[in-house]
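S.K.: Structure provided below as structure tokens; questions to follow.
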Amino acid sequence: MFSKLLIANRGEIARRINAVARGMGLATVAVYSDADQKLPFVREASESVRIGPPPAKESYLNAAAILEAAKRTGAEAIHPGYGFLSESAEFARACAEAGLRFVGPPPEAMARMKDKSQARRLVQAAGVPVVPGSADVLPDAAAAVAEAERVGYPILCKAAGGGGGIGMAVAKDAAELEKAFRQCADRARAAFGREGVYLERYFPAPRHIEVQVLGDHHGRLIHCLERECSIQRRHQKVVEEAGSPLFLGGAHEQTRQRMFQAALAAARAFGYANAGTVEFLYSDGEFYFIEMNARLQVEHPVTELTTGVDLVGWQLRVAAGEPISIRQEDVRRTGAAIEHRIYAEDPVKFFPSPGTITAFRAPSLEGVRLDAGYEEGSAVTPYYDPLVAKLIVFGASRDQAIDRSRAALEKLVIEGIKTNIPLHRRVVSDPAFRAGLLNTHFLEEHARA
């Protein structure tokens with residue numbers, strides 16, 4: 001095991017990684033921009049290094065500055081968290097060239113996953129069901145229209161070079177598709193530096209279910225069961241839970257097991273190691289691969305709480321070369337967990353709401369945990385993702401987790417900025433949520449102000 005870890009991230013995930021690493025006896029290095037100098041993650045690390053001004057391109061995306069910080073402090077490994085450089089194969093290679101352990105998958109696996117259309121072909125060859133769509137990126141709108149006639153409408157345009165819902169656009173006919181194709185290409189170029197676009201069939205009301213996988217560098221690969229992430233806004237997850245209510249009481253167990261095996265097959269096809277997530281759409285009894293994320297997921301705590309598997313701890317052990325000692329048959333779920341992403345945003349218009357937090361009181365209730373990147377007096381700036389905290393609630397049953405969520409959301413106090421706490425209160429109070437009747441359009445159909 002290495003002795004000093006640099007955490008190339010910020011906020012709540014930097015605090016989470018730091019706590020695990022310090023608990024394992026490692027020294028830690030925080031890197032920060034000028035905007036974040038006074039945040040808790042900076043002072044909680046063993047030492048900290050300024051890496052640049054507030055814009056992410058000049059700080060958290062500045063690979064040279066991060067590598068220099070590692071060299072200056074004697075760090076032996078870098079954990080990228082999620083976002084920023086976490087899925088950059090180039091950064092992972094640069095770490096290796098600098099003699100540093102990258103806490104994540106091999107760069108070759110990351111490169112295979114980055115191009116979404118190529119990833120589709122790779123997993124399809126491994127026998128994993130994929131969403132019907134184009135076999136490759138399409139050269140222009142005319143080719144897209146011709147391909148859509150084969151696949152069928154409605155159709156979804158997706159950027160081949162990235163994820164996170166950026167550039168995605170739905171079309172109901174050829175006229176809409178031409179506009180959507182150009183829009184997707186333009187946004188992909190701006191966000192990812194390439195304009196490759198491919199098509200997938202659009203499912204009107206699917207569920208979004210993902211499988212956590214964990215692999216080592218000795219050929220061992222296991223899954224850590226599933227999470228449901230159907231409650232989304234603009235393709236961004238808002239509420240996640242483990243496990244999926246679709247499978248409660250043993251319902252659809254055969255499909256669930258097939259999904260687990262498909263996730264492992266996809267991970268093997270990519271040559272995956274470390275923690276990762278295979279994401280599926282589920283519709284009308286069938287599931288389809290959509291992508292694999294080469295990093296720790298924001299929602300990983302719900303898996304940890306229900307399986308007892310410390311995913312961050314295992315990330316560090318795998319990066320140090322240790323074999324996974326957990327047997328697949330030992331991964332069992334106990335209870336249920338729900339994660340609520342608390343954003344600094346207007347709860348009605350969903351615009352970001354930067355400002356200074358004047359009051360911050362976490363609920364002190366059984367089964368409730370708050371992973372926060374900020375505290376009372378912290379400034380939430382407009383430079384980064386507006387995630388303020390994650391409210392994570394565990395219960396012996398899903399009903400108990402929902403009841404505890406309602407109580408915790410009533411007691412959670414964040415003042416000085418607007419937040420989406422009212423939205424979460426509406427979600428957990430909605431009968432459809434309690435009944436587990438979820439799909440990716442849940443927020444449009446329910447929980448309105």
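Values quoted throughout were computed directly from the atomic coordinates according to the rules given, and no laboratory measurement underlies them. These numbers were taken from a predicted model, which means no experiment stands behind them. Glycine also receives a Cβ, built like all others from the backbone with ideal geometry; neighbour counts cover every protein chain displayed.
S.K.: Would you mind checking Lys237/Lys390; Lys172/Lys418; Lys116/Lys390; Lys57/Lys349 for any pair whose Cα atoms are more than 24 angstrom apart?
M.R.: Long pairs (Cα-Cα over 24 Å): Lys172/Lys418; Lys116/Lys390; Lys57/Lys349.
S.K.: Related question: Pulled fully out, how much extra length does the chain show between Arg22 and Glu58, if you take 0.36 nm times their separation in residues and subtract their Cα-Cα distance?
M.R.: Between Arg22 and Glu58, full extension yields 10.2 nm more.
S.K.: While we're here: According to the square roots a ≥ b ≥ c of the eigenvalues of the Cα gyration tensor, what is the shape class of the chain, taking rounded for a/c under 1.5, prolate for a/b larger than b/c otherwise, and oblate for the remainder?
M.R.: It is rounded, given that a/c, with a ≥ b ≥ c, falls under 1.5.
S.K.: Let me ask you something else. For the chain, what is the calculated [θ] at 222 nm in deg cm²/dmol (nearest 500), taking -39500 (n - 2.57) for each run of four or more DSSP H residues and dividing by its residue count?
M.R.: So the calculated ellipticity at 222 nm is -10000 deg cm²/dmol.
S.K.: Classify segment 105-163 as rounded, prolate or oblate, taking a ≥ b ≥ c as the square roots of the eigenvalues of its Cα gyration tensor: rounded when a/c is under 1.5, otherwise prolate if a/b is larger than b/c and oblate if not.
M.R.: prolate
S.K.: Would you be so kind as to identify all helices of the chain, as entire DSSP H runs, whose Cα atoms reach 24 Å or more along the helix's own axis and whose mean Kyte-Doolittle hydropathy is at least 1.6?
M.R.: Qualifying helices, which must be both long enough and hydrophobic enough, do not occur.
S.K.: Also, I was wondering about something else. Which Cys residues of the chain have no other Cys Cβ less than 4.7 Å away and so no disulfide-compatible partner by this rule?
M.R.: If one checks each Cβ against the other cysteines of the chain, Cys95, Cys224, Cys229 turn up with nothing under 4.7 Å.
S.K.: Would segment 185-270 count as rounded, prolate or oblate if I go by the C-alpha gyration tensor, calling it rounded below 1.5 in a/c and otherwise prolate when a/b exceeds b/c, oblate otherwise?
M.R.: The shape class here is oblate.
S.K.: Quick check on packing: order 150-157, 252-259 by the mean number of other C-beta atoms within 10 Å, highest mean leading.
M.R.: 150-157, 252-259
S.K.: Assigning unit charges at the beta carbon (Lys, Arg +1; Asp, Glu -1) and nothing else, what dipole magnitude in debye, to the nearest 20, does segment 157-249 show about its Cα centre?
M.R.: 260
S.K.: Something else about it: What is the order of Val211, Val348, fewest Cβ neighbours within 10 Å to most?
M.R.: Starting with the residue having the fewest Cβ neighbours, the order is Val348, Val211.
S.K.: Which of these, Gly74, Gly377, Gly249, has the largest mean-square fluctuation under a Gaussian network model of the chain (Cα springs below 10 Å)?
M.R.: So, out of Gly74, Gly377, Gly249, the one fluctuating most is Gly249.
S.K.: With unit charges on the beta carbons (Lys and Arg positive, Asp and Glu negative) and the dipole taken about the Cα centre of segment 326-377, which residue among Val331, Thr358, Pro347 sits farthest to the positive side?
M.R.: Toward the positive end, the furthest listed residue is Val331.
S.K.: Say R0 is 30 Å: what FRET efficiency, to the nearest 0.05, do Arg406 and Arg234 get from their beta-carbon distance?
M.R.: With a Förster radius of 30 Å, E is 0.75.
S.K.: Give, in nm to one decimal, the length gained when the segment between Ala432 and Thr356 is fully stretched (0.36 nm per residue of separation minus the Cα-Cα distance).
M.R.: 23.8 nm
S.K.: OK, next. Between Arg121 and His441, what is the label-point separation in nm under the 7 Å Cα-to-beta-carbon projection?
M.R.: About 3.3 nm, to one decimal.
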